[in-house]
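Working notes, structure below.
Just so it is clear, none of the values below were taken in a lab; they were calculated from the coordinates. Computed from a predicted structure; not experimentally measured. Note that we place each Cβ from the backbone using ideal geometry, even for glycine, and neighbour counts take in every protein chain shown.
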Amino acid sequence: MEAVFEGWTSTVGKPTMDSDVRMSTRNVDVHYGDKQAIYGVDLDIGKNEVLAMIGPSGCGKSTFLRTLNRMNDTIDICRITGDIILDGDNIYDKHMDVVNLRARVGMVFQKPNPFPKSIYDNVAYGPKIHGLVTRRAELDEVVETALRKASIWDEVKDRLDQPATGLSGGQQQRLCIARTIAVSPEVILMDEPCSALDPIATARIEELIAELSENYTIAIVTHSMQQAARVSHRTAYFHLGRLIEVGKTDKIFTAPEHKLTEDYITGRFG
């Protein structure tokens, strides 16, 4: 590993921002038992920005994404150090309400995971448990608004009481996105949200990401460099647990500064 990183001392490009920052990470390390998975990551994610995280399998991008809403808390041997700040709040502060945090920073997973409930109840679940609504009419409005924002309302409005598991894979993923935005998050994390979908469903999700970025901050992990190029404003390249380079997406893909980034983008490894 040392040979791979000979001459590498810190992230190149623009990992931090001067203004309009939604989330910041500083000197974040992640360990699984004795194994270190993430090394000293400093990275800002801007308001209404789509940030793509790319890199070879096992490079740490999904591990890092999961630190942003404390999903790694569910892994006993995982230990995280450093600071992760959301709108001035350190999300690893001992007083942080993790349930509330995961409403503020929602997650859409690789495989669609609708609850074994109706389409309506999938979207209504979060607003109900967080006490965001008190009357059925309010809940109806929240559900419809979320489904519209997720570009699936017209497909499901006449069968809201039917099981969500009866939807196609692409529809299920858009339903999961609706479920995430129903609790009015500030940030949406997406971990390879299109990897289980066909090209048509993938295109729908990518269009949706562009629309959602008008109202939300989005961080997406993807194995598809073409997808990163299509949907993101900035791209972060990870390699063996290090954040190698961050920059505007068009620059990362046309004129990367670091040789490791160039080698990955041009297909020399990964």
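Exactly one of these conditions fails for residue 17: (1) over 16 Å from the mean Cα position of the chain (by Cα); (2) touching a residue at least 40 places away in the same chain (Cβ under 8 Å); (3) surrounded by 12 or more Cβ atoms within 10 Å (Cβ to Cβ); (4) part of a loop (DSSP other than H, G, I, E, B). Give me its number.
(2)
What strands (runs of 3 or more DSSP E), lying completely within segment 202-269, carry at least 3 residues that are more than 22 Å from residue 107 (Cβ to Cβ)?
The qualifying strands (runs of 3 or more DSSP E) are 242-248.
What are the residues in segment 136-173 that are hydrophobic (A, V, I, L, M, F, W, C), outside any loop (DSSP other than H, G, I, E, B) and closer than 16 Å to residue 205 by Cα, if any?
Hits for segment 136-173 are 146, 147, 153.
Count, please, the residues in segment 180-195 that happen to be of a type in the set (Val, Ile, Thr) and out of contact with any Gly (no Cβ under 6 Å at 6 or more places or on another chain).
2
Residue pairs, Cβ under 6 Å, 6 or more apart or interchain, first in segment 121-140 and buried (at least 18 other Cβ atoms within 10 Å of the Cβ), second assigned to a helix (DSSP H, G or I) and of a type in the set (Lys, Arg). List them.
Hits for this filter: 122/179; 123/179.
Residues in segment 64-91 that are in contact (Cβ under 8 Å) with a residue 60 or more places away in the chain and not charged (D, E, K, R): how many?
7
Considering only residues that are basic (Lys, Arg) and farther than 27 Å from residue 171 by Cβ, which ones fall in segment 85-126?
94
Can you tell me which of 262, 207 is of a type outside the set (S, T, N, Q) and within 26 Å of residue 149 (Cα to Cα)?
Values: 262 fails: within 26 Å of residue 149 (Cα to Cα).
Every option except 207 fails the conditions.
Could you list, in sequence order, the residues of segment 121-172 that are touching a Pro at 6+ places or on another chain (Cβ under 6 Å) and within 19 Å of residue 211 (Cβ to Cβ)?
Matches in segment 121-172: 142, 172.
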